[in-house]
Amino acid sequence: MKAETGIEGLDELIGGGLPQGRVYLLNGSPGSGKTTFGMQYLIHGASFGDAGLYVTLMQNSENIIADISTYSLNLPALLKMKKIFFTDLGPEMEYGYMDELKEVITPKSEMNPYPVEGEPPSASIVFKEISAHVAANDIKRVVVDPLSSIRFSNQDECLEKMEMTRFVRNLQALGCTTLLIDDHPAPLSVSSEHFAADGVILFHNPASDDEDRSLQIIKMRGVPHPISRQAFRFGEKGIEVLGRR
């Protein structure tokens, strides 16, 4: 079974959509189209009965909704119908006493006897939040944005790699078709998530005004696919894949 992305011009490149129940990594620099892609994917599924969950770990969910509502994608109606849900696990907005304390006693210090507010959630906390929504709202599609907020919650590099692999495997066992959005500063570098994920799509920002934005399917387990860059644009209904550059 395939989960259609709803991205015009993309599904035919991957045999009709993403194999269901798996985890896929969207990797690229800021502004390259990853959030729009993730929301289009959720909206398309919700329009055909698959409830979706957007987990935001950095951006304000209200801003995401406002930005995506500029497209002709019927997002406000799907929110009212409770077909799309948002959960905001980002840092608290207001500064307070704990921020002042943090300037004196850092989180890395073994002498710190106090919990520090505003620290990024761990992978296990994020997974438990997703699992609760899946059980309560029969969620079929999930987007987590950005993955770096979870990765940087662990200060030990070896533990970080192990925890990220565990996170991906637990998501796979959950049965949802999940997109993990990553804004890794070096998108071509290989991380543990690249190996653990069932598919990886890279987003490329143009180097000049004369070039098109493009995406590149570098991994899609069990699915024949092109590996060349595919140009895309932002149209009335979001991302539209135009074809090989």
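Before moving on, here are some points about what is shown:
- Qualifying residue in the stretch 203-224 (condition: assigned to a loop (DSSP other than H, G, I, E, B), modelled with pLDDT of 95 or more and closer than 16 Å to residue 27 by Cα): no
- Sole residue being farther than 18 Å from residue 144 by Cβ and either charged (D, E, K, R) or open to solvent by 10 Å² or more (accessible area, probe 1.4 Å) (or both), chosen from 19, 30: 19
- Any chance residue 35 is open to solvent by 10 Å² or more (accessible area, probe 1.4 Å), of a type in the set (Ser, Thr, Tyr) and touching a residue at least 60 places away in the same chain (Cβ under 8 Å): yes
- Out of 4, 117, sole residue that is touching a Gly at 6+ places or on another chain (Cβ under 9 Å), of a type in the set (D, E, K, R) and at pLDDT 90 or above: 4
- When 11, 67 are screened for being surrounded by fewer than 22 Cβ atoms within 10 Å (Cβ to Cβ), over 13 Å from residue 143 (Cβ atoms) and in contact with a Gly (Cβ under 6 Å, 6 or more places away or on another chain), only 11 passes.
- Beta carbons closer than 6 Å, at least 6 apart along the sequence or on distinct chains, pair a first residue in the stretch 61-74 that is of a type in the set (S, T, N, Q) with a second that is open to solvent by 90 Å² or more (accessible area, probe 1.4 Å) for 72/236; 72/237.
- Some residue of the stretch 59-66 being modelled with pLDDT of 95 or more, under 11 Å from the mean Cα position of the chain (by Cα) and either of a type outside the set (Val, Ile, Thr) or closer than 20 Å to residue 203 by Cβ (or both): no
- Check on residue 183, open to solvent by 50 Å² or more (accessible area, probe 1.4 Å) and either modelled with pLDDT of 80 or more or β-branched (Val, Ile, Thr) (or both): no
The values are calculated or read from the model by the stated rules, or taken from the named source; none is laboratory data. All figures in this text were calculated on a predicted structure; none of them were measured in a lab. Here the Cβ is made from the backbone with ideal geometry for all residues, glycine too, and neighbour counts use every protein chain on show. Quick note on the areas: whole protein, heavy atoms, side chains included, nothing else; ligands and nucleic acids left out. Shrake-Rupley method; radii C 1.70, N 1.55, O 1.52, S 1.80 Å.
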